[in-house]
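Only the coordinates and a few stated rules stand behind these numbers; no lab work does. All of these numbers come straight from a predicted model, not from anything done at the bench. Cβ placement follows ideal geometry from the backbone for every residue including glycine, while neighbour counts extend to all protein chains displayed.
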Amino acid sequence: MFKNLRIALVLLVICGIGYPLLMTGIAQAVMPAKADGSLIEKDGKVIGSELIGQTFKDPSYFTGRVSSIENNAAGSGSGNYAPSNADMIERTKKDIAAFLKANPDVKKSDIPADLLTNSGSGLDPHISPMAAEIQIPRISKLRNLDENELKDLIKKHTEGRQFGLFGEPRVNVLELNMELGQKK
């Protein structure tokens, strides 16, 4: 009996304390910015993370993906509703109406799906380049900026496929809006 208890305690120390400390130490040594959460700072103040989306309510900024959890990293995950779920249908209808009201030049059928759907975690900070570009007319009018200037800004902040192979091109909304905010 004591032998089993000793083995359990040794494994607890190795697997529960030693291994996590070793991995944290290696991560801090090899890639400290990522190990600390890929934080984005402005004027010495943390304003967000490259990995967690934020909600932008000001219509003169680009909007990101829908988040049923309000981009709260403590509760990662989203409602896994079927397309036929009544709550999902109602939320989607409201989101479409709100988007069309803010973007009157856009047709309902042209709204990219990533502006109306959660990501798997509910925290995704990225949208597709098309989801950013469809917002250009609204932002151009509200900020009195040339549409081509906004297109160039989107291109500048578009990340390609990971390793040139995985995923789709994407735009980090926080980083895009940070640079947009400097153009006031």
Practice prompt. Excluding Ala27 itself, calculate the net charge of residues whose Cβ lies under 10 Å from the Cβ of Ala27, where each Lys or Arg counts +1 and each Asp or Glu counts -1.
Written response: 0
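Sort 110-116, 14-20 for me by packing, meaning the mean count of neighbouring Cβ atoms within 10 Å per residue, highest on top.
110-116, 14-20
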Worksheet item: If you take the square roots of the eigenvalues of the alpha-carbon gyration tensor of the range 102-184 and sort them as a ≥ b ≥ c, do you get rounded (a/c under 1.5), prolate (a/b over b/c) or oblate?
Response: oblate
Worksheet, complete the sentence: For the range 33-43, Karplus-derived ³J(HN,Hα) couplings (6.51, -1.76, 1.60; θ = phi - 60°; whole Hz; x for glycine and proline) come out as 5, 5, 5, 8, x, 6, 6, 10, 10, 9, 6
Worksheet item: What number comes out for the charge environment of Ser38, summing +1 per Lys or Arg and -1 per Asp or Glu over other residues with Cβ under 15 Å away?
Response: -3
Worksheet entry | Hull-based mean projected area of the range 37-181, where the convex hull spans the alpha carbons, in square nanometres | 9.7
Response to the item:
Given a Förster distance of 22 Å, the FRET efficiency implied by the Cβ-Cβ spacing of Ile47 and Asn80, rounded to the nearest 0.05, works out to 0.15
Discussion item. Quick check: pseudo-label points 7 Å beyond the Cα along Cα→Cβ at Leu116 and Met130, how many nm apart are they?
Written reply: 1.3
